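Read-outs: derived from the displayed coordinates by stated rules, not from any lab. Since we're looking at a predicted model, the values are computed, not measured. Note that we place each Cβ from the backbone using ideal geometry, even for glycine, and neighbour counts take in every protein chain shown.
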Amino acid sequence: MEDAALPEDLAQALEETGAQAGWDSYSDALRADALAWIDAARTTTARSKRVDDVARFAGKGLPPTPFQ
């Protein structure tokens, strides 16, 4: 998956946390599932929390919370 496909908020969070390598190590299926999970958030607060979750766990080399 190309960087251009990343939503701006997720790309910024990955950059700020230094988690891009973790994100890049995810399988295509996991990245697609994580993006769908983020996009399914009903509020901006929920979306922000999901973006933070993905960036935090990617930085640790782990899948996001709902995929563990």
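Only residues that are within 10 Å of the chain's Cα centre (by Cα) and under 13 Å from residue 52 (Cβ atoms) were counted in region 12-26, giving 3. Selection over region 27-68 of residues that are closer than 17 Å to residue 12 by Cβ and acidic (Asp, Glu) gives a count of 3.
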